[in-house]
Amino acid sequence: MLFNSWQFGVFLPIVFALYWALPHRFRWFVILISSYWFYMSWNVKYVVLILFTTVISYFAALLLERFHDNTRAKKFILTITLISCLGVLFVFKYFNFFTESLTKFLSLFAIQLHPTTLKLLLPVGISFYTFQTLAYVIDVYRGVTQAERHFGNYAAFISFFPQLVAGPIERTNNLLPQIKAHHEFDYDKATYGMKLMTWGFFKKLCIADVLAVYVDRVFNDVYSFRGFAFMLAIFFFTIQIYCDFSGYSDIARGCAKLFGIDLMENFRSPYFSASIREFWSRWHISLSTWFRDYVYIPLGGNRCGKFRHNLNLMITFIISGLWHGANFTFVIWGAVHGAAQIVENFFTKGKHNEPHGIIWLVRVLMTFTFCMFAWVFFRANSLSEALYVFTHIFDGLPNLREYILTAKGFGGLKRTLVLMLIVGSILALYDFLSLKLDIPAKISSLNIFSRWLVYNVIAMTIFVVYSNFVVTNASFVYFQF
């Protein structure tokens with residue numbers, strides 16, 4: 001069930017009405033049942049996986065508290081839990097990649113094996129809810145949080161439908177108490193949530209889905225293109241993936257607010273970052289902080305020598321890349337970002353720069369350009385295709401007219417460029433102002449005429465663009481992870 005589908009348009013009002021109509025003691029049940037229904041709309045069979053992960057982590061946490069003074073028992077329980085939860089993720093997401101990679105490696109030594117592969121469909125959201133359960137168990141192990149006794153509340157926390165399939169990856173101490181808390185309907189919070197959802201739909205429908213047509217055509221047939229066609233596709237994908245994923249996060253956060261729940265902010269104008277380190281403090285924040293707290297810091301973080309610190313960074317980013325997908329393209333994408341941060345550490349102190357001045361603007365453009373070209377590894381279907389893009393991206397450049405003409409042959413490209421100039425300017429202005437302002441709250445403070453003018457302009461823009469540019473209800477990019 002996609003957020004941008006008529007089914008969700010029917011589902012959400014029903015759940016909203018039931019949630020606020022029933023007494024507090026039944027609301028966890030509404031969240032749980034609606035969340036499992038939401039997840040089963042993708043594939044009924046895979047509900048077993050999220051239930052298995054939930055049950056394992058629930059009882060593991062209880063056992064960890066029971067043996068709180070027995071270090072050896074706690075380590076054993078944690079190990080079994082990690083193997084169980086990560087084992088499910090490995091089988092469905094990485095088993096084929098592992099066996100195929102091992103077979104290719106052994107072939108270098110003249111050892112020929114036929115790889116064993118499994119024909120399994122990757123369950124939507126499995127990487128997200130697996131990491132959420134692991135964070136819970138590890139936090140209980142560390143004594144950061146207490147084990148939840150009420151299974152229903154815990155299951156609702158793991159499966160909360162707004163953020164179930166693509167995050168944010170919530171922490172126990174933020175979301176679980178809100179699932180359990182008694183909420184009174186807050187009109188201001190609900191309308192704030194609607195504004196967030198509207199902005200999320202704007203980014204998804206008016207930008208991401210429009211750009212996806214061109215991006216998919218190029219990257220699904222890279223050997224038929226060259227030159228400026230690649231430059232446009234890379235730039236378009238840079239904007240597409242941001243609007244697609246941050247759009248989902250905005251819709252998720254806005255949807256949660258309808259139920260009186262605040263999810264963590266997942267994006268903070270990342271393309272206005274003046275360094276790669278700052279970029280990762282603004283991009284997919286729930287994941288980057290997860291890796292910081294549960295991988296980077298346990299490895300030693302920066303509390304060690306320079307070499308070990310840099311190694312910790314690289315390991316963390318490589319694992320982060322692999323989290324995104326079972327392909328060496330993702331591993332290299334992560335490694336490239338890790339290497340960039342290591343280089344930055346030699347020249348900067350890693351402090352964020354205030355958004356002003358020409359130097360700040362130059363650094364923002366440099367960071368954006370680096371991220372844009374790094375996305376090639378993320379989007380390419382294989383390493384060979386990524387290398388082809390890099391080696392042919394400047395074909396025809398000595399002659400600017402010839403270079404630009406390499407992008408010809410796309411129906412509606414001019415219309416797309418004009419549209420992106422308009423809506424892209426709105427996006428850039430919104431993100432720049434968001435560096436210091438809460439835009440939805442600012443809109444709420446306007447007089448009624450100005451406020452409804454904004455609402456109608458955005459609504460009409462979404463309607464016009466969706467009617468004329470969006471071919472199908474495209475899935476969200478991060479659903480594949």
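Tallying residues that are polar (S, T, N, Q), surrounded by 12 or more Cβ atoms within 10 Å (Cβ to Cβ) and within 14 Å of residue 202 (Cβ to Cβ) within the stretch 435-465 yields 1. Number of residues in the stretch 123-154 that are buried (at least 19 other Cβ atoms within 10 Å of the Cβ), hydrophobic (A, V, I, L, M, F, W, C) and in a helix (DSSP H, G or I) equals 8.
If you go through the stretch 314-326 and pick out every residue that is part of a loop (DSSP other than H, G, I, E, B) and either surrounded by fewer than 19 Cβ atoms within 10 Å (Cβ to Cβ) or touching a helix residue (DSSP H, G or I) at 6+ places or on another chain (Cβ under 6 Å) (or both), you end up with 1. A single entry from 92, 3, 16, 76 fulfils the requirement of being hydrophobic (A, V, I, L, M, F, W, C) and either within 18 Å of residue 142 (Cα to Cα) or open to solvent by 70 Å² or more (accessible area, probe 1.4 Å) (or both): 76.
When residues of the stretch 162-195 are filtered for being under 21 Å from residue 50 (Cβ atoms) and either of a type in the set (Val, Ile, Thr) or not in a helix (DSSP H, G or I) (or both), how many remain?
Qualifying residue count for the region: 10.
When residues in the stretch 205-225 are screened for being of a type in the set (Asp, Glu) and either part of a loop (DSSP other than H, G, I, E, B) or without any contact (Cβ under 8 Å) to a residue 40 or more places away in the chain (or both), 2 of them pass. Taken over the stretch 63-92, the residue count meeting the criterion of being free of Cβ contacts under 8 Å to residues at least 24 places away in the same chain, farther than 15 Å from residue 134 by Cα, assigned to a helix (DSSP H, G or I) and among the charged types (D, E, K, R) is 2. Just checking, does the stretch 338-356 include any residue being open to solvent by 30 Å² or more (accessible area, probe 1.4 Å), closer than 25 Å to residue 163 by Cα, under 23 Å from the mean Cα position of the chain (by Cα) and modelled with pLDDT under 95? Checked against the condition, which is being open to solvent by 30 Å² or more (accessible area, probe 1.4 Å), closer than 25 Å to residue 163 by Cα, under 23 Å from the mean Cα position of the chain (by Cα) and modelled with pLDDT under 95, the stretch 338-356 yields no hits at all. The condition of being hydrophobic (A, V, I, L, M, F, W, C) and open to solvent by less than 10 Å² (accessible area, probe 1.4 Å) holds for only one of 304, 255, that being 255.
A quick yes/no check of all residues on (1) crowded, with 22+ Cβ neighbours inside 10 Å; (2) over 27 Å from residue 360 (Cα atoms):
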| site | (1), (2) |
| --- | --- |
| 202 | yes, yes |
| 206 | yes, yes |
| 233 | yes, no |
| 247 | yes, no |
| 262 | no, yes |
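When residue 398 is tested against (1) open to solvent by less than 80 Å² (accessible area, probe 1.4 Å); (2) assigned to a loop (DSSP other than H, G, I, E, B), only condition (1) is not met. Restricting 22, 86 to residues that are hydrophobic (A, V, I, L, M, F, W, C) and exposed (fewer than 13 other Cβ atoms within 10 Å of the Cβ) narrows the list to 22. One residue stands out in the stretch 409-434 among those that are of a type in the set (A, V, I, L, M, F, W, C) and open to solvent by 90 Å² or more (accessible area, probe 1.4 Å): the one that is nearest to the chain's Cα centre (by Cα), namely 429. The residue pairs whose first member lies in the stretch 36-56 and is closer than 23 Å to residue 15 by Cβ, whose second member is open to solvent by 50 Å² or more (accessible area, probe 1.4 Å) and part of a helix (DSSP H, G or I), and whose beta carbons are closer than 8 Å, counting only pairs six or more residues apart or on different chains, are 41/7; 47/40. Pairing each residue of the stretch 263-282 that is touching a residue at least 12 places away in the same chain (Cβ under 8 Å) and on the phi > 0 side of the Ramachandran plot with any residue that is of a type in the set (Ser, Thr, Tyr) and not in a loop (DSSP other than H, G, I, E, B), provided the two are 6+ apart or on different chains, yields C-beta distances under 8 Å for 269/434. Assigned to a helix (DSSP H, G or I) and open to solvent by 30 Å² or more (accessible area, probe 1.4 Å): does that describe residue 119? So residue 119 fails the test.
The values are calculated or read from the model by the stated rules, or taken from the named source; none is laboratory data. Note that the structure is a prediction, hence the values are computed from the model and not measured. Note that we place each Cβ from the backbone using ideal geometry, even for glycine, and neighbour counts take in every protein chain shown. SASA here: full protein model, heavy atoms, side chains in, ligands and nucleic acids out. Shrake-Rupley method; radii C 1.70, N 1.55, O 1.52, S 1.80 Å.
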